[in-house]
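Below is one structure, written out as structure tokens; comments come after it.
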Amino acid sequence: DLGLLLSEANVHLKMGNRDKFKALMEQATEKDPNNAELLYNLGVLAAEGGNNDEAKKFYERAISINPAYVDAYNNLAVVILEGEAGIVEQMNSLGTSAADNKKYDALKEQRTQLYKEAIPHLEKALELRNTNIDAARTLMNIYSALGETDKFKAMRSKVEELEASACGN
């Protein structure tokens, strides 16, 4: 029974037994392969375990089943953007030689590609939940980094509007 399986999985999660939880969630997904929430939860587990490629696949499957799954879009963008820190670290470690400048430009292009991969997921998350301030802030920062001034300004206005409404102004 799927309900009992999920109840047992949740008990293991609360007890901190993540491996057993994951195994039971995978078993539940086999019983109900079109359950977007189960796939999303497996994506969360994969991301927490540092397996971003697996997490992306689970989030994408969840979205294919439920195209309005805001959290799956958010988490997919987060997983994509995880690679940015390593790229920036490499960029910052370079010197000023011609070879380093060439490496810097290649890394900058990699970072741009990450941004471009994440943008549609963040835009969809914001479209589906127009109060999603985290998606709006991230988009604002990406547009700024990409030099897309008009989109940056529009998103900055959206963020300011969301912040004002969150404060009750």
Of those in segment 82-93 that are open to solvent by less than 50 Å² (accessible area, probe 1.4 Å) and without any contact (Cβ under 8 Å) to a residue 24 or more places away in the chain, the residue farthest from the chain's Cα centre (by Cα) is M91
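For (1) open to solvent by less than 50 Å² (accessible area, probe 1.4 Å); (2) modelled with pLDDT of 95 or more, each residue gets a yes or a no:
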residue	(1), (2)
A68	no, yes
G95	yes, no
Q113	no, yes
K116	no, yes
A154	no, yes
K158	yes, yes
Checked pairs for segment 1-19, first more than 19 Å from A46 (Cα to Cα), second open to solvent by less than 60 Å² (accessible area, probe 1.4 Å) and assigned to a helix (DSSP H, G or I), C-beta under 8 Å and 6 or more apart or across chains, list as L2/A28; L5/L24; L5/A28; E8/L24
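Is it true that L45 is farther than 17 Å from A72 by Cα and part of a helix (DSSP H, G or I)? Walk me through it before giving the result.
Working: farther than 17 Å from A72 by Cα: no; part of a helix (DSSP H, G or I): yes.
No.
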Any chance I63 is part of a helix (DSSP H, G or I), over 22 Å from N10 (Cα atoms) and either open to solvent by less than 20 Å² (accessible area, probe 1.4 Å) or at pLDDT below 95 (or both): no
Pairs returned, first residue in segment 133-155 that is among the aliphatic types (A, V, I, L, M), second residue that is not in a helix (DSSP H, G or I), beta-carbon separation under 8 angstrom, 6 or more apart or interchain, are A135/R129
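The values are calculated or read from the model by the stated rules, or taken from the named source; none is laboratory data. Owing to the predicted nature of the structure, the values given are computational and were not obtained by experimental measurement. Don't worry about glycine lacking a Cβ; one is built from the backbone with ideal geometry, like all the others, and counts go over all protein chains shown. Heavy atoms of the whole protein, side chains included, go into the accessibility calculation; ligands, DNA and RNA do not. Shrake-Rupley method; radii C 1.70, N 1.55, O 1.52, S 1.80 Å.
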